[in-house]
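The values are calculated or read from the model by the stated rules, or taken from the named source; none is laboratory data. As the structure is a prediction and not an experimental result, all values here were calculated from the model. Here the Cβ is made from the backbone with ideal geometry for all residues, glycine too, and neighbour counts use every protein chain on show. Accessible surface is based on the protein model in full, side chains and every heavy atom, while ligands, DNA and RNA are left aside. Shrake-Rupley method; radii C 1.70, N 1.55, O 1.52, S 1.80 Å.
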Amino acid sequence: MAIRTHTNPRIADLQPEIQDLLMRNGMQAHIVAVGEGYQLAVQGHDSPLIRYPISKQQLLALTDWGTNHANKKAYSTFTEIVKNDFDLPRSFVHARNANGRVAMGLHGYRIGIGEYGRTGRYGMPPPFLGWTPRQQEGYHLRRVGGQLFYAGTPMVAERPDRRMKPGELQSGGYGFYYKGHQQQQQTLPAQQDVLEDLQAVITPLAGKPRSEEPAKPYMELITSPVYFSNEKWQECLSSHGIIIDKEEKTLTIQSEQVNADMVYDLTSDELSALTSNSIEDRPIEKRLELLNTIIHDDFADKITMESLNSTERIGITLHPEVEQDLAVRQQQEQEIFLSSESANALASCPETILQESESIIRQQQEGALIDGRDLPYINESK
């Protein structure tokens, strides 16, 4: 579906060169005027029409072209705008060379004559260093619906030793692919466990090691607001079991009353408030209020200044229903783990298990009964 643009002659559009670059990567885009502002309207080969408000600085960068600096700036500005909705080409060079005349490995790799045991056609002279026949057979690789399609050798997705020749680009590093289709949830089968989605809220397995050292009281690390710093604030929080990861944008609560880490995703505003270096802009009371707001759906208790001033790690408790759901989830994971261990033992020692099974059958004939699921407990090494 084509994108309609305003016909106002004063509105500059993307330059033909970057439009051609985007089209070769399955993307079309135009700049449209909306009131006193501007929008970037984009549509990928597998996406709906999406509009993004843009600033005047972004407008100037997008409409500039002609020098290496301007070209890269226009492309990087475009990708920065659409990156949350699309998987991007690996780099500007990959995008620029997509669908070009020279393959350079971008659409798959060619195994040349004399490489990895490949021989030429009958009657062709033996190959020598630097010699390559013209008009070699083989087609570029194509990705359709996430699947790889190609005609076969000499074009391959990867060479046997994953070798790349000088000047080649990494295969598949081109094209804009819409993320929205990946996020659509499929219909759950009738027999699927309804508690499976609990993993999105609760992470039963501890992802971060818990410290055995005493917690560091807030008043000892920060004796006065004058000496406040985010580094000391984070040191105090982490020693009490409250870990903020700026890279992952997550908050991890390690309560002594819960045998699992509770992990929460943080928005940019929440992360900025909890890691601010200014105590005047972000007072401690406001930070504690924000922390308790984030965790209140799971925890019945609150994080207080009194707990941060102690040498004990936090010991807040969960709501009863959350604690029950967590126990069920952990029990399910334990059962899955035991069943996988049993399957591995059966695959690794079939003869031993067979002998034990025959022994069980003889015992059953004599009147004794043993549940076959108890085999792993009979012999711990299995």
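Of note:
- The convex hull of the Cα atoms of segment 232-276, projected and averaged over all directions, covers 3.2 nm².
- Peptides 160-168, 249-257 ranked from most to least packed by the mean count of surrounding Cβ atoms within 10 Å: 249-257, 160-168.
- Per residue value of the accessible surface for segment 215-264 (all protein chains in place, 1.4 Å probe), Å²: 48 Å²
- Judged by the mean number of other Cβ atoms found within 10 Å, the most tightly packed of the peptides 321-327, 174-180 leads the ranking 174-180, 321-327.
- Phi-derived couplings, Karplus 6.51 cos²θ - 1.76 cosθ + 1.60 at θ = phi - 60°, listed residue by residue for segment 247-259: 5, 8, 6, 10, 10, 10, 10, 10, 7, 5, 8, 10, 8 Hz, with x used for Gly and Pro.
- Length added when fully stretched, residue 149-residue 277, from 0.36 nm per residue minus Cα-Cα: 40.8 nm
- Heavy-atom accessible area, probed at 1.4 angstrom with all protein chains present, ranks 232, 246 as 246, 232, highest first.
- Heavy-atom accessible area ranking, 1.4 Å probe, most first, across 85, 298: 85, 298
- At a probe radius of 1.4 angstrom, the accessible area of segment 31-90 per residue rounds to 54 square angstrom.
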